[in-house]
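What follows is one structure encoded as structure tokens, with my remarks underneath.
No value in this document is a laboratory result; all are computed from the given coordinates. Please read these numbers as outputs of a predicted model, since none were measured by experiment. Cβ coordinates were reconstructed from backbone atoms using ideal geometry, including for glycine residues, and neighbour counts include every protein chain displayed.
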Amino acid sequence: MESKKPIKGGEFIIRETACENIFTPEDYTEEQKMIAQMCLDFISAEVLPNLEKIDHQEEGLMQKLLDKAGELGMLGMSVPSELGGMGVDFPTSLLATEYTGRGHSFSVAYGAHTGIGTLPILYYGNEAQKQKYIPKLASGEWKAAYCLTEPSSGSDANSGKTKAVLSADGKHYTLNGQKMWITNGGFANLFTVFAKIEGDENLTGFIVEANSEGISLNAEEKKMGIKGSSTRQVFFNNVKVPVENLLGERNQGFKIALNILNIGRIKLAGGVLGGSKAVMNYAVKYSNEREQFGRSISKYGAIRHKIGEMAVRTFALESACYRLAFDIEAAIEGFMKDGMDKHKATLKGIEQFAPECAMLKVVGSEVLDFCVDESVQIYGGMGYSAESPVERAYRDSRINRIFEGTNEINRLLTVDMVLKKAMKGELDLMTPAMAVANELMSIPDFADASGALFDAEKGYLRNFKKAILMVAGTAVQKLMMELSKQQEILMNVADMLNDVYVAESVLLRVEKMVKSKGEAACQEYIAIVRTFIFDAADRINKSGKDALMAFVTEDELRMMMMGLKRFTKVEPYNTKDARQAIANKLIAKNEYCLSDAVNQG
């Protein structure tokens with residue numbers, strides 16, 4: 001049953017949502033669209049014409065671009081006005097991230113500064129720390145970097161070896177260690193550094209000014225992509241850090257790092273969404289310009305298939321991103337109504353939806369990788385040339401499956417976080433899982449395709465969720481503590497979760513559009529929903545089979561495979577014609593035109 005109570009993180013598995021209760025890009029206000037347009041205009045005017053200079057790291061250029069962004073207020077979107085920022089809500093900040101996400105290496109520098117560079121101090125700093133540093137970061141006067149990763153500690157961040165020792169007089173800590181892959185490291189004025197105080201098991205955060213004696217940098221890393229972003233190793237050799245620059249509480253640094261990464265994950269999803277739209281614009285325009293055998297290649301079915309599929313995945317990602325952004329904002333507002341201050345409420349709201357943040361980081365980075373790959377293919381030989389815009393996009397995209405925790409780690413985290421919510425009693429997965437187990441013994445009740453628009457698809461989604469509950473519930477029951485070591489099974493379940501969340505998000509968005517604009521005006525969007533769900537059924541079935549065959553045997557396996565087949569059954573749908581119709585809309589407009597937040601230019 002649909003409920004009017006705000007949805008909780010992970011609850012989408014066991015609860016239906018009404019389309020009226022989600023936010024979509026069609027709901028943005030004029031003020032929000034103006035912010036998006038400002039970000040897009042900045043990227044178009046200041047960044048894209050200078051990509052070659054940026055990639056060659058022309059001295060001082062990135063800092064100048066960040067200064068200009070600061071003058072426009074772009075660096076202080078999430079910073080409250082009393083500290084020199086714009087203080088926008090979470091969906092608006094994600095919208096700004098999307099439209100700066102087209103800026104290649106600049107987007108990386110921007111994201112590192114405004115996200116992991118600024119937010120630890122904004123959310124965990126005391127009043128004196130915030131007053132001292134945040135206005136400088138919001139204006140761009142100072143640039144920020146985040147020092148967590150070490151040569152021996154990547155995904156296992158809490159194993160870092162950087163040490164901090166309190167002086168005998170208790171006035172400062174002496175910092176010794178090495179950090180690597182530090183974005184903005186070459187020009188940052190301020191570092192958030194994570195280290196262990198003496199014999200502590202967990203990290204502690206420190207605010208370290210870059211001009212402190214004892215800090216040195218390696219040369220710039222030579223990278224596959226994002227060549228214009230400054231990436232350096234940072235060495236701390238007996239660096240004295242005043243005790244008042246300890247960030248948050250001792251031993252709480254790992255928690256700070258995790259919560260900031262949650263924000264980074266959903267923001268990365270927004271950024272790669274912008275990149276996906278941009279690269280689609282290139283691909284569509286080129287397909288209309290390039291002629292072979294006497295006509296534009298956009299007239300050929302194989303090309304239209306590619307454009308159609310890129311559009312399906314990008315539109316679906318966008319639907320999920322803004323659904324999640326609104327749910328996070330609703331959670332933040334709920335915590336504030338209960339008396340929590342804005343910064344704590346923001347962290348708590350994002351932490352509530354940490355599973356979805358991890359999911360969309362994975363989905364988004366893989367959608368962009370798909371789009372850049374297909375765009376290179378549409379360009380053909382020109383796509384392999386550094387003269388084409390898609391060559392840089394192809395190289396720059398690859399880091400996103402590694403940033404903010406690898407996609408493998410994020411898949412494992414998704415399932416782990418959902419199961420922990422269930423164990424804490426925050427999610428009742430057991431009751432619906434037991435109901436699904438009982439249903440396996442009953443007569444199948446297939447979705448009725450003859451009802452109102454999307455009745456059949458809603459039935460498919462209910463069954464997809466049953467497939468997840470069956471596979472995950474059986475895995476928990478049979479493997480218990482051993483499940484955490486079965487990474488392949490966990491990743492299978494994560495892929496099922498990803499597909500269901502995105503499928504439901506795109507369905508709810510288009511259902512809402514149809515109620516507003518009418519069915520006749522939304523034919524291509526309806527085709528997107530049906531194509532995504534039809535293909536998701538096969539993916540969910542495959543992930544479920546791979547998981548079940550790893551730990552269930554004989555008669556029980558046969559019964560569960562029959563159940564999985566039942567839960568992933570969908571009626572035939574002509575996805576070929578659907579993709580052609582979707583592609584034709586873009587080809588006629590000569591751009592990605594499925595969202596109307598701003599003038600694409």
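Structural remarks
- Between 0 and 90°, nearest 10: helix 575-589 axis offset from the chain longest Cα axis: 50
- Angle in degrees between helix 61-71 and the longest Cα principal axis of the chain, rounded to the nearest 10: 80
- Two-site FRET efficiency, ASP455 against LYS5, from Cβ-Cβ distance with R₀ of 30 Å, rounded to 0.05: 0.80
- Loop-located GluC sites (Glu not before Pro) in region 346-428 whose Cβ has at most 10 other Cβ within 10 Å (DSSP): GLU387
- Computed E for LYS161/LEU72 - FRET, C-beta separation, R0 51 angstrom, nearest 0.05: 0.80
- Region 30-97 and region 524-556 have their alpha-carbon centroids 40 Å apart.
- Residue-averaged 222 nm ellipticity for the chain, from DSSP H runs of 4+ at -39500 (n - 2.57), nearest 500: -18500 deg cm²/dmol
- With both labels modelled 7 Å from their Cα along Cα-to-Cβ, the ALA588 to MET434 distance reads 5.4 nm.
- The eigenvalues of the Cα gyration tensor, multiplied by 5 and square-rooted, give region 146-250 an equivalent ellipsoid with semi-axes of 24, 15, 11 Å from largest to smallest.
- Against the compact-protein benchmark of 2.2 N^0.38 Å, the Cα-based radius of gyration of region 25-143 scales to 1.04.
- Extension gain, MET549 to PHE293: 0.36 nm times the residue separation minus the Cα-Cα distance gives 87.3 nm.
- Two-site label geometry, GLU31 and GLU82: point separation in nm, points 7 Å out along Cα→Cβ: 1.9
- Nearest-ten-degree value, helix 253-289 long axis tilted from longest Cα axis of the chain: 60
- Between GLU387 and LYS53, the modelled label-to-label distance comes to 2.3 nm, taking each label 7 Å out from Cα in the direction of the beta carbon.
- Relative contact order [Cα under 8 Å, 6+ residues apart], the chain, whole percent: 16
- Taking 19 Å as the limit for the C-alpha separation, the pairs LYS285/LYS306; LYS361/LYS485; LYS306/LYS576 exceed it in the case of LYS361/LYS485.
- Translational diffusion coefficient of the chain (Stokes-Einstein, Kirkwood radius from Cα pairs, 10 °C, 1.306 mPa s): 63 µm²/s.
- Volume of the convex hull of region 429-589 (Cα atoms only), normalised per residue: 130 Å³.
- For GLY264, net neighbour charge (Lys/Arg +1, Asp/Glu -1) across residues whose Cβ lies under 9 Å away: +2
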